[in-house]
1. Please work out which residue is modelled with the highest pLDDT, limiting yourself to region 16-53 and to residues that are in a helix (DSSP H, G or I) and of a type in the set (D, E, K, R).
2. In contact with a helix residue (DSSP H, G or I) (Cβ under 9 Å, 6 or more places away or on another chain) and over 26 Å from D98 (Cα atoms): does that describe G209?
3. Looking for something under 9 Å from the mean Cα position of the chain (by Cα) and either at pLDDT 95 or above or not in a strand (DSSP E or B) (or both) - is there at least one such residue anywhere in region 198-217?
4. Quick check on this structure: which one of L220, L192 is in contact (Cβ under 8 Å) with a residue 24 or more places away in the chain, in a strand (DSSP E or B), surrounded by fewer than 18 Cβ atoms within 10 Å (Cβ to Cβ) and not aromatic (F, W, Y)?
5. Within region 54-65, restricting attention to residues that are out of contact with any helix residue (DSSP H, G or I) (no Cβ under 9 Å at 6 or more places or on another chain) and not in a loop (DSSP other than H, G, I, E, B), which residue is surrounded by the most Cβ atoms within 10 Å (Cβ to Cβ)?
6. Given the options S104, S68, name the one that is touching a residue at least 12 places away in the same chain (Cβ under 8 Å), small (G, A, S) and surrounded by 16 or more Cβ atoms within 10 Å (Cβ to Cβ).
7. Taking region 77-101 only, how many residues are of a type in the set (D, E, K, R) and either surrounded by 15 or more Cβ atoms within 10 Å (Cβ to Cβ) or within 15 Å of Q65 (Cβ to Cβ) (or both)?
8. Only residues that are hydroxyl-bearing (S, T, Y), surrounded by 15 or more Cβ atoms within 10 Å (Cβ to Cβ) and more than 10 Å from the chain's Cα centre (by Cα): list them for region 143-188, please.
Amino acid sequence: MLTMHNDSTPEVIRAVRLALGRTSPLTAPPTPPQIDETITRLVHTDIGLPELFTRTAQANKMGVQTVSAEELAPRLVDFLRDSNVKTIALADSKLLKDLCVPESLRKAGLQVRTWDQLTLDELYDIDCGITDVWAAVAEVGALVVRGSPEHGRAISLVPPIHVAVVEPKNLMPDLVDLFQRLPSTPNEKFVLITGPSKTADIEMNLVTGVHGPGVVQVFLLQ
């Protein structure tokens, strides 16, 4: 079973400081300079974020379907059947539960196990991981998945197919917004996903799906 443990980052940092002979109290980091948004911001709030995200995500080779809450479950089942998915790792997400995703998948005859029912080794035998997202960045077509007790990062990284359900409220214009929203605590864990896993050899042959999902499918709620 995959479980979340208390992060030991502060203790590790403290031990490193002591080993280096640094015994003075930690000081707060300097206040970052004010951002001139007329220079840094490339996406403004008057731009349609769903349309922009769809365009940039598709440019990153993600599949994107825009669906209503009622359409999500049947469209998701159709996608999984078309992709020959049999086994699913499902995030223990309130959003997915509210949208009746677990029940719909099981009624369709798919084998569904939630994050807390799987070991990491078992996750490598799963066909598809399904998660919600912490944010989606319209400027670059990126999904932001946050490691949490509901699902660790591996559920979006290990199975060959990753399905992400995106709520409109989690769309943000650009990376300026993302970095302003990121928590400052040192033990937070995030994955920024910009499409299927990509790698290339010395001959510049691009291959997808070698080091992560070969398919990333987004269902964008209206």
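1. Residues of region 16-53 that are in a helix (DSSP H, G or I), as a first pass: 16-19, 37-40, 49-53.
Then keep just the ones that are of a type in the set (D, E, K, R); that gives 17, 37, 51.
Values: R17: 89, E37: 72, E51: 95.
Looking at residues that are in a helix (DSSP H, G or I) and of a type in the set (D, E, K, R), I get E51.
2. For G209, the condition - in contact with a helix residue (DSSP H, G or I) (Cβ under 9 Å, 6 or more places away or on another chain) and over 26 Å from D98 (Cα atoms) - is not met.
3. So in region 198-217, the residues under 9 Å from the mean Cα position of the chain (by Cα) come out as none.
No, region 198-217 contains no residue that is under 9 Å from the mean Cα position of the chain (by Cα) and either at pLDDT 95 or above or not in a strand (DSSP E or B) (or both).
4. On inspection, the qualifying residue turns out to be L192.
5. Per the criteria, the residue is A57.
6. Values: S68 fails: surrounded by 16 or more Cβ atoms within 10 Å (Cβ to Cβ).
S104 is the lone residue from the list that is touching a residue at least 12 places away in the same chain (Cβ under 8 Å), small (G, A, S) and surrounded by 16 or more Cβ atoms within 10 Å (Cβ to Cβ).
7. Residues of region 77-101 of a type in the set (D, E, K, R): 78, 81-82, 86, 92, 94, 97-98.
With either surrounded by 15 or more Cβ atoms within 10 Å (Cβ to Cβ) or within 15 Å of Q65 (Cβ to Cβ) (or both) added as a condition, the list becomes 78, 81-82, 92.
Total meeting the criteria: 4.
8. Narrowing region 143-188 to residues hydroxyl-bearing (S, T, Y): 148, 156, 184-185.
This time we only want the ones that are surrounded by 15 or more Cβ atoms within 10 Å (Cβ to Cβ), so: 148, 156.
Residue satisfying the conditions is S148 alone.
The values are calculated or read from the model by the stated rules, or taken from the named source; none is laboratory data. Keep in mind it's a predicted model, so treat the numbers as computed, not measured. Ideal geometry is used to build each Cβ from the backbone, glycine not excepted, and the neighbour counts take in all protein chains shown.
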